[in-house]
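As structure tokens, the structure follows; a few thoughts come after it.
The values are calculated or read from the model by the stated rules, or taken from the named source; none is laboratory data. Since the structure is predicted, the reported quantities are computational estimates derived from the model, not experimental observations. Note: ideal-geometry Cβ built from the backbone for every residue, glycine included; neighbour counts use all protein chains shown. All accessible areas refer to the heavy atoms of the entire protein, side chains included, with ligands and DNA or RNA removed. Shrake-Rupley method; radii C 1.70, N 1.55, O 1.52, S 1.80 Å.
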Amino acid sequence: MTDSNSTAIPGTVDEAATRQRLRWRCRRGMRELDQLMLCYLDHRWPEAPADERATFERLLGCEDDRLWRWCMSYERCDDAELDALLQRILALPA
């Protein structure tokens with residue numbers, strides 16, 4: 001069984017549970033952020049390597065106001081891994 005801080009192996013039963021848990025965490029209360037995070041989950045997550053998945057889970061742990069500032073380019077994230085992932089998320093087709 002997968003705990004709440006680990007990612008499931010793609011294609012396993014735990015993968016579906018993990019994606020459901022992440023889908024819930026993607027709901028930020030701001031439609032724009034919801035759409036960005038869910039877009040990543042739906043389009044990139046299935047093929048993402050384990051390290052990128054872990055970075056995405058770290059990103060979801062960030063405060064909404066920081067995520068908003070980063071996604072709207074009001075500020076630049078000082079964490080290189082998070083910033084690189086944010087840039088990939090922002091480049092995804094809507």
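Scan Glu81, Glu75 and give me the residue that is within 21 Å of Gly29 (Cβ to Cβ) and open to solvent by 60 Å² or more (accessible area, probe 1.4 Å). Break it down into steps so the answer makes sense when it comes.
Working: Glu81 fails: within 21 Å of Gly29 (Cβ to Cβ).
The match here is Glu75.
State whether the residues of segment 53-60 include one that is out of contact with any Ser or Thr (no Cβ under 6 Å at 6 or more places or on another chain) and closer than 15 Å to Pro93 by Cβ. Steps first, please.
First pass over segment 53-60, keeping only residues out of contact with any Ser or Thr (no Cβ under 6 Å at 6 or more places or on another chain): 54-60.
If we keep only those that are closer than 15 Å to Pro93 by Cβ too, we end up with none.
No, segment 53-60 has no match at all.
Tell me, which helices (runs of 4 or more DSSP H) wholly within segment 47-94 include 2 or more residues that are within 13 Å of the chain's Cα centre (by Cα) and more than 17 Å from Leu22 (Cβ to Cβ)?
Values: elements: 50-60, 64-71, 80-91.
Result: 80-91.
Within segment 13-31, how many residues turn out to be charged (D, E, K, R) and in contact with a Phe, Trp or Tyr (Cβ under 8 Å, 6 or more places away or on another chain)? Show your work before the answer.
To start, the set of residues in segment 13-31 that are charged (D, E, K, R) comprises 14-15, 19, 21, 23, 25, 27-28, 31.
Subset that is in contact with a Phe, Trp or Tyr (Cβ under 8 Å, 6 or more places away or on another chain): 19.
Final tally of qualifying residues: 1.
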